[in-house]
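Notes follow the structure.
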Ligand SMILES: [Fe+2]
């Protein structure tokens with residue numbers, strides 16, 4: 001039988017399992033003075049307890065393309081809420097040096113992962129989908145496509161945290177070695 005002493009380290013671990021409200025999450029993100037690891041970002045999003053009311057100021061859909069709504073941003077990190085009608089999806093892209101995580105708030109997130117080869121070009125690797133509450137991440141240099149399948153018959157709302165904030169992204173086409181640039185648009189603040 002082992003004894004369990006509450007060292008300061010134990011106390012810290014306990015503190016880091018506490019749920020985070022939206023205000024606490026934003027405060028934590030805004031207080032960052034350097035780029036946090038993906039593990040930390042994942043942990044924040046796992047602990048986040050966000051209601052429909054919390055997200056209401058950032059929820060809005062448009063036809064034709066998904067809509068990005070920024071919750072907060074500083075030099076090191078940003079948080080966005082993305083709203084997707086059925087059939088909306090990103091281009092195939094990487095994050096050009098940023099890493100981050102996504103949490104599904106409502107609906108079902110579809111993700112396709114690709115592998116890039118200098119000779120063969122972009123190759124399909126795998127696909128997954130994520131239910132509400134799921135958290136998934138993308139590292140450097142993951143290449144993927146996110147979307148709400150056109151057969152889902154429901155809206156999708158996702159919460160994204162990126163570090164550093166996204167700038168110009170690289171986009172890809174299956175079977176091609178061509179890499180283009182893409183700047184995500186229509187951020188409502
Ligand atoms: Fe992405």
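The values are calculated or read from the model by the stated rules, or taken from the named source; none is laboratory data. This structure is a prediction, so every number in the text was calculated from the model and none was measured. Every residue, glycine among them, receives a Cβ derived from its backbone with ideal geometry; neighbour counts consider all protein chains shown.
Could you go through segment 172-181 and let me know if any residue there is closer than 27 Å to residue 131 by Cβ and under 17 Å from the mean Cα position of the chain (by Cα).
No.
Taking the conditions exactly as written (assigned to a strand (DSSP E or B), in contact (Cβ under 8 Å) with a residue 60 or more places away in the chain and buried (at least 16 other Cβ atoms within 10 Å of the Cβ)), does residue 69 satisfy them or not?
yes
Somewhere in segment 156-166, is a residue surrounded by fewer than 18 Cβ atoms within 10 Å (Cβ to Cβ), more than 14 Å from the ligand (Cβ to nearest atom), modelled with pLDDT of 95 or more and assigned to a strand (DSSP E or B)?
Checking segment 156-166: not a single residue is surrounded by fewer than 18 Cβ atoms within 10 Å (Cβ to Cβ), more than 14 Å from the ligand (Cβ to nearest atom), modelled with pLDDT of 95 or more and assigned to a strand (DSSP E or B).
More than 14 Å from the ligand (Cβ to nearest atom), within 17 Å of residue 158 (Cα to Cα) and assigned to a strand (DSSP E or B): does that describe residue 144?
Details: more than 14 Å from the ligand (Cβ to nearest atom): no; within 17 Å of residue 158 (Cα to Cα): yes; assigned to a strand (DSSP E or B): yes.
No; evaluated as a whole, the condition is false for this residue.
Among (1) closer than 17 Å to residue 149 by Cα; (2) at pLDDT 95 or above, where does residue 64 come up short?
Failed condition: (2).
Which members of segment 81-133 meet the condition of being in a strand (DSSP E or B), within 12 Å of the chain's Cα centre (by Cα), within 11 Å of the ligand (Cβ to nearest atom) and in contact (Cβ under 8 Å) with a residue 60 or more places away in the chain?
Residues satisfying the conditions are 82, 99, 100, 101.
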